[in-house]
1. Might you let me know whether the stretch A:107-116 holds any residue that is surrounded by fewer than 19 Cβ atoms within 10 Å (Cβ to Cβ), within 21 Å of residue A:60 (Cα to Cα) and within 16 Å of the chain's Cα centre (by Cα)?
2. Are any residues in the stretch A:100-117 facing chain B (nearest Cβ under 8 Å) and more than 30 Å from residue B:121 (Cβ to Cβ), and if so, which ones?
3. Within the stretch B:126-137, is there a residue that is more than 8 Å from every other protein chain (Cβ to nearest Cβ), more than 23 Å from residue B:62 (Cβ to Cβ) and buried (at least 16 other Cβ atoms within 10 Å of the Cβ)?
4. Could we say that residue A:70 is touching a helix residue (DSSP H, G or I) at 6+ places or on another chain (Cβ under 6 Å) and surrounded by fewer than 19 Cβ atoms within 10 Å (Cβ to Cβ) here?
5. Looking only at the stretch A:109-122, decide whether some residue is over 19 Å from residue A:36 (Cα atoms) and not aromatic (Phe, Trp, Tyr).
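The values are calculated or read from the model by the stated rules, or taken from the named source; none is laboratory data. Bear in mind that the values here come from a model prediction, so they are computed numbers and not experimental data. We place every Cβ from the backbone using ideal geometry, glycine too, and count neighbours over all the protein chains shown.
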There are 2 protein chains.
Amino acid sequence: MSHDPPLAAPNSAADLEEGVSLTPKFAADGTIICVTTDAASGEVLMVAHMNAEALAKTIATGEAWYYSRSRGALWRKGETSGHTQRVVEMRVDCDQDAVLIRVEQVAGACHTGRRSCFYRSVPLGQKGGAVKLEFREERAFDPNAVYGKK
Amino acid sequence: MSHDPPLAAPNSAADLEEGVSLTPKFAADGTIICVTTDAASGEVLMVAHMNAEALAKTIATGEAWYYSRSRGALWRKGETSGHTQRVVEMRVDCDQDAVLIRVEQVAGACHTGRRSCFYRSVPLGQKGGAVKLEFREERAFDPNAVYGKK
């Protein structure tokens with residue numbers, strides 16, 4: 001696509017891991033994993049995907065753009081809710097199939113109203129049987145007020 | 001598989017997001033994304049995948065198990081390197097297609113010798129053109145000494 005930066009394919013594993021070129025390894029569906037953390041607290045807010053265009057737009061604008069695989073659409077975080085993410089820093093991992101962004105999050109990242117999508121804890125030590133989740137986070141905003149009632 | 005816990009399929013979106021049952025949504029390849037952070041510093045160490053067996057073993061043992069999609073094999077973190085991960089807490093996200101584990105990491109998580117796989121920064125504000133990465137982290141161990149020379 002003409003609006004994508006020329007993100008070349010990686011050459012060797014050494015280039016990929018120890019080189020200075022951004023050569024993202026997109027999955028078969030054209031996306032890469034993005035982990036988003038709160039720049040102030042370090043808390044993991046969400047995990048989503050970016051395609052080449054979302055990645056390029058995020059790099060160019062410093063605002064978080066993602067790609068919704070279920071909707072098949074580019075998506076600027078906060079477009080509907082106003083809960084945008086200003087990117088303070090981006091990192092890429094060793095094999096360049098995941099990026100990490102540290103963001104300034106308005107209100108909350110999760111569409112359920114919590115600041116983080118990871119608001120439930122999974123108890124450890126259980127060998128088989130149904131696993132019962134424990135809620136760990138209060139809502140930061142009312143999702144019905146922001147997105148309308150479902 | 002008989003060694004897997006009975007992780008039921010989710011029912012409605014409300015159950016998935018606001019319920020107390022762990023009902024992970026595995027992708028078509030049978031895996032779920034796992035983000036791993038350092039329990040002490042909060043730093044994101046790595047992103048990997050778990051299949052149902054790896055998830056069940058991690059929950060049961062409190063040690064991090066993953067599934068390597070490239071090798072098609074279950075994998076206990078640190079099996080080769082000794083750089084194991086003791087899980088302090090596990091979280092699951094709103095739509096239950098990603099988990100987060102906070103771990104006590106021995107030495108470093110990355111096979112390149114760094115503590116985190118996210119050791120390179122992607123500069124922001126660039127509109128097109130090759131993107132030049134910046135190294136941000138020193139090695140915590142010598143990968144040749146741990147894994148043998150490549």
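1. No: the stretch A:107-116 contains no residue that is surrounded by fewer than 19 Cβ atoms within 10 Å (Cβ to Cβ), within 21 Å of residue A:60 (Cα to Cα) and within 16 Å of the chain's Cα centre (by Cα).
2. Result: A:112, single match.
3. Within the stretch B:126-137, one or more residues are more than 8 Å from every other protein chain (Cβ to nearest Cβ), more than 23 Å from residue B:62 (Cβ to Cβ) and buried (at least 16 other Cβ atoms within 10 Å of the Cβ).
4. For residue A:70, the condition - touching a helix residue (DSSP H, G or I) at 6+ places or on another chain (Cβ under 6 Å) and surrounded by fewer than 19 Cβ atoms within 10 Å (Cβ to Cβ) - is not met.
5. Yes, the stretch A:109-122 contains a residue that is over 19 Å from residue A:36 (Cα atoms) and not aromatic (Phe, Trp, Tyr).
Yes/no per residue for (1) more than 7 Å from chain A (Cβ to nearest Cβ); (2) touching a residue at least 40 places away in the same chain (Cβ under 8 Å):
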residue: B:62; (1), (2): no, no
residue: B:71; (1), (2): yes, no
residue: B:82; (1), (2): yes, yes
residue: B:88; (1), (2): yes, yes
residue: B:98; (1), (2): no, yes
residue: B:119; (1), (2): yes, no
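Let's see how each residue does on (1) among the hydroxyl-bearing types (Ser, Thr, Tyr); (2) farther than 28 Å from residue A:39 by Cα; (3) at pLDDT 95 or above:
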{"position": "B:13", "(1), (2), (3)": "no, yes, no"}
{"position": "B:35", "(1), (2), (3)": "no, no, yes"}
{"position": "B:54", "(1), (2), (3)": "no, yes, yes"}
{"position": "B:64", "(1), (2), (3)": "no, no, yes"}
{"position": "B:68", "(1), (2), (3)": "yes, yes, yes"}
{"position": "B:97", "(1), (2), (3)": "no, no, yes"}
